[in-house]
Amino acid sequence: MKLMVIIVNNDDAKAVSKALVKNKFYSTKLASTGSFLLSGNTTMLVGCQDDEVEKAIEVIKGEAHQRKKMVTPIASMTAGLLSPSPIEVTVGGATIFILDVEKFVKL
């Protein structure tokens, strides 16, 4: 058995969650914040069998999309610049950690 820790941008979270449920992957959702852009993310915990991991990844890939966004760097990153210029960054997509589960108990 595996535990998938899936981090997606809030803009994609609803679509990813809906697609996972449609494909019979159930999750626990946690609100989270990225440290670079300080923007909202959703972290989903999904338990699945070893042979279902690739299918879950494909479902996520179909809904979590990368896109370009203009952001103004936070003050601590600009090291003294008075008026930081916006920079273009890539946001979205998904980060997935897949962990082995030693034991699973449902009460």
**OP:** Report the local net charge at Asp50: Lys and Arg +1, Asp and Glu -1, summed over other residues whose C-beta lies under 14 Å from its C-beta.
**Re:** -3
Original post:
Computed FRET efficiency, Cβ-Cβ of Ile57 and Asn10, R0 35 Å: what is it to the nearest 0.05?
Top reply: 0.95
**OP:** Return the lysines within reach of Lys55: Cα separation strictly under 19 angstrom, same-chain partners fewer than 8 residues apart disregarded; answer none if there are no such residues.
**Re:** Lys2, Lys14, Lys18, Lys22, Lys24
Subject >> Anchor Lys29: aspartates and glutamates whose Cα lies under 17 Å away (excluding residues fewer than 8 positions away in-chain) >> reply: Asp11, Asp12, Glu63
Original post:
How much length is gained on full extension from Met1 to Lys24, taking 0.36 nm per residue of separation minus their Cα-Cα distance?
Top reply: 6.7 nm
Subject >> Label point distance in nm, Thr33-Ser85, each placed 7 Å from Cα along Cα→Cβ >> reply: 2.8
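Coordinate-derived values only; no laboratory data. It should be emphasised that the depicted structure is a prediction, and the values quoted were computed from it without experimental measurement. All Cβ positions, even for glycine, are placed from backbone atoms using ideal geometry, and neighbour counts span all protein chains on display.
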